There are 2 protein chains.
Amino acid sequence: VPEPTFTRTHRTTHRRKKERGTHEVASVHEILDEGFVCHLGFVHEGSPYVFPTSYAREGDVLYLHGAAANFALRTLSAGADVCVTVTLTDGLVLAKSAFHHSVNYRSVMVFGRAEAVTDPAEKARAASAIVDHIVPGRSLDCLLPTDEELRATLIVRVPITEASAKARAGGPIDDAEDLELPHWAGVLPLHTVADPPEGAPGYVQSWRATR
Amino acid sequence: VPEPTFTRTHRTTHRRKKERGTHEVASVHEILDEGFVCHLGFVHEGSPYVFPTSYAREGDVLYLHGAAANFALRTLSAGADVCVTVTLTDGLVLAKSAFHHSVNYRSVMVFGRAEAVTDPAEKARAASAIVDHIVPGRSLDCLLPTDEELRATLIVRVPITEASAKARAGGPIDDAEDLELPHWAGVLPLHTVADPPEGAPGYVQSWRATR
C-alpha cells in the first residue's frame with residue numbers, strides 16, 4: 001500500500017536535491033507536530049512579511065492564533081495566501097571543505113489560503129489544541145478561555161493540502177580528494193532541552209510546583 | 001548618548017505590545033548573531049514563499065547563500081524584496097488561564113531588497129562568514145572554497161537598514177482573579193544544546209576528533 005501523499009503543485013515541487021524531499025502526508029504531519037513555532041509568510045501591499053507564531057495541527061488543518069488586533073492575523077483572516085514553514089534543526093554538518101558544510105534539518109512548507117474561524121465551538125477547540133501542542137494535556141489543567149477571551153482572539157485556519165517536507169540527515173559529503181585533509185569532519189547534533197520549570201513568584205502554586 | 005537605532009518605517013513599526021519591540025541596532029545585531037537559521041520570505045508570481053536557510057551578518061549586511069540553481073536565491077538575486085526573520089525561542093510560558101499562555105522569544109525582522117554578490121573577494125569573505133557563523137573560527141580549519149565552488153554558489157546581500165526586534169521574557173501575566181487557581185504557572189526555559197560531536201566514519205580525522 002503506497003503512503004498517502006499530497007498532490008504536488010508548482011509551489012511544492014522540489015527543484016533541487018529532490019531525494020531530500022517528500023510529499024508523504026505522514027512525514028509532513030510528523031514535522032508539524034514536533035515543532036511548535038512556525039514562520040508565517042504572506043504578502044501585504046506588495047511586501048513579504050514573515051512572522052514567528054505558535055500553531056497546532058488538527059487532522060489536515062493548521063490553526064494559528066493571535067489577538068484580534070494582530071496585524072498578521074487580521075491580514076490573514078481577510079483570506080490571504082500564506083506559506084507556513086516549520087523548521088527543526090538537528091545538527092551542524094562540518095565537512096573537510098567549507099563548500100560542503102551543511103545543516104541537518106527537517107522542514108515543512110504549507111501553502112494555502114487562510115480563513116478566519118468564526119464558529120465558537122471550532123474556535124474553542126483550536127485554542128485548546130494550540131495550548132496542548134505546546135504542553136500536551138495542558139488544556140485540561142488550566143482555566144479555559146471565556147467567551148469574551150475567545151472573541152478577543154483571532155484564529156485562522158490553513159488547510160494542509162498543498163504541502164511538502166524536506167530533510168537532510170547524516171554526515172558530511174566531501175569530495176573524494178579532500179577526505180585525507182587533517183580537518184575534523186562530522187556532525188554536531190543539536191536538540192532543544194527544557195531546563196527545570198521556574199514557578200511564577202507571587203503565584204499560588206499547585207502541588208505540581210512544590211514537590 | 002542614545003543607542004543607535006534603525007529609522008522605523010511602516011513595515012517595522014510595532015503595532016501591538018510596543019513595549020516588547022525595539023529598533024536598537026545593538027539588539028537587532030545580537031539576535032542575528034545568536035541565531036543561525038533564518039526564515040527568508042519573498043514573493044514569486046504573487047505567492048509568498050518562506051524558506052529556512054543559514055546566513056551570516058557582517059556589519060550592516062546580511063549574507064544568504066545557496067547553490068547557483070537554488071530557486072529562492074535565484075529569485076532574490078534578480079533583486080527581490082525580502083523579509084528575513086530570525087527567531088530564538090527561550091521558553092514556554094504557562095499561565096493559570098489558557099488565554100495567557102505564551103512563548104518567550106526574541107526575534108528580528110529585516111526588510112530590504114536582496115542583490116547578488118558578484119565581486120569574487122566579497123563572495124569569498126561572505127562564504128567564510130557563513131561558515132564561521134555556524135562554528136566560530138571554522139573557516140580557518142577547513143578547505144576554503146575553490147574559484148569553481150564560489151562560481152557554483154549564489155550569495156545574496158540584504159542591507160540591514162530596515163529592521164526591528166521584538167521579545168518577550170519573564171513569567172506569565174494572569175488576571176488578578178485567576179491567581180489562586182490551583183494550576184501550575186511559570187516558565188519552562190528552553191535552550192538548544194549540542195550533543196558530543198559525531199566524527200564522520202571512514203574519514204581521516206585530525207587530532208581534534210580523536211582525543
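In loop segments of region A:3-58 as defined by DSSP, the GluC sites (Glu not before Pro) with at most 14 further C-beta atoms inside 10 Å of their C-beta are A:Glu45. Could you name the aspartates and glutamates in cross-link range of A:Lys123, using Cα to Cα under 17 Å and dropping any fewer than eight places away on the same chain? Leaving aside aspartates and glutamates fewer than 8 places away in the same chain, those within reach of A:Lys123 are A:Glu58, A:Asp60, A:Glu115, A:Asp132, A:Asp147, A:Glu148, A:Glu149. Quick one: compute the contact order of chain B, relative version, from alpha carbon pairs under 8 angstrom and 6+ residues apart, as a percent. In percent, rounded to a whole number, it is 26. Shape summary: the protein assembly as shown maps onto an equivalent ellipsoid whose semi-axes, from the alpha-carbon gyration tensor, are 36, 24, 23 Å in decreasing order. Only one residue of B:Ser97, B:Ile173, B:Ile160 has its Cα farthest out toward the positive end of the dipole of region B:42-186, where Lys and Arg carry +1 and Asp and Glu -1 on Cβ, and that residue is B:Ile160. Angle of helix B:120-134 to the longest C-alpha principal axis of chain B, folded into 0 to 90 degrees and rounded to 10: 40°. The percentage of C-alpha pairs in region B:1-124 whose separation is greater than 17 Å is 64%.
Any chance you could tell me what percent of the C-alpha pair distances in region B:35-79 go past 13 Å? Value for region B:35-79 (Cα pairs over 13 Å): 58 percent.
In this view, the solvent-accessible surface of B:Asp81, computed with a 1.4 Å probe and all protein chains in place, comes to about 50 Å². Charge dipole of region A:8-79 (Cα centre as origin; +1 on each Lys and Arg Cβ, -1 on each Asp and Glu Cβ, all else neutral): 460 debye, rounded to the nearest 20. When the alpha carbon gyration tensor of region A:1-43 is reduced to an equivalent ellipsoid, the three semi-axes, largest first, read 19, 16, 11 Å. For the protein assembly as shown, the solvent-accessible area with a 1.4 angstrom probe is 46 square angstrom per residue.
For region B:85-211, the alpha-carbon coordinates run over 66, 45, 18 Å along the three principal axes, in decreasing order.
What trypsin sites (Lys or Arg not before Pro) does region B:7-58 have in DSSP loop regions with at most 16 other beta carbons within 10 Å?
Passing sites in region B:7-58 are B:Arg8, B:Arg15, B:Arg16, B:Lys17.
Working note: Cα gyration tensor of region B:67-115, eigenvalues times five, square-rooted, sorted largest first, giving semi-axes of 36, 11, 9 Å. When +1 charges are put on Lys and Arg Cβ atoms and -1 charges on Asp and Glu Cβ atoms, the dipole computed for chain A relative to its Cα centre reaches about 280 debye.
Buried accessible surface for the B/A chain pair comes to about 7400 Å², total over both chains, computed with a 1.4 Å probe.
For region B:1-72, taking the reciprocal of the average inverse distance between every pair of different Cα atoms yields a Kirkwood hydrodynamic radius of 14.6 Å. Roughly to the nearest percent, how much of the accessible area of region B:36-121 is carbon and sulfur, given a 1.4 Å probe? Reported share for carbon and sulfur atoms: 50 percent.
Note on region A:133-195: Kirkwood hydrodynamic radius from all Cα pairs is 18.3 Å, rounded to one decimal. Scalar couplings 3J(HN,Hα) for region B:57-74, obtained by applying the Karplus form with A = 6.51, B = -1.76, C = 1.60 to θ = phi - 60°, are 9, 10, x, 9, 10, 10, 10, 10, 9, x, 5, 4, 8, 4, 4, 5, 5, 5 Hz; x denotes Gly and Pro. Taking Cα atoms, how many degrees apart are the long axis of helix B:25-34 and the longest axis of chain B, rounded to 10 and kept between 0 and 90? Long axis of B:25-34 versus the principal axis of chain B: about 70 degrees. Only lysines eight or more places from A:Lys17 in sequence, or on another chain, were considered; those with a Cα closer than 19 Å are A:Lys166.
In a reduced charge model with +1 at each Lys and Arg Cβ and -1 at each Asp and Glu Cβ, the protein assembly as shown shows a dipole moment near 560 debye about its Cα centre.
The values are calculated or read from the model by the stated rules, or taken from the named source; none is laboratory data. On a predicted model such as this, the values are computed, not experimentally measured, just so you know. Note: ideal-geometry Cβ built from the backbone for every residue, glycine included; neighbour counts use all protein chains shown. Note: areas computed on protein heavy atoms with side chains; ligands, DNA, RNA excluded. Shrake-Rupley method; radii C 1.70, N 1.55, O 1.52, S 1.80 Å.
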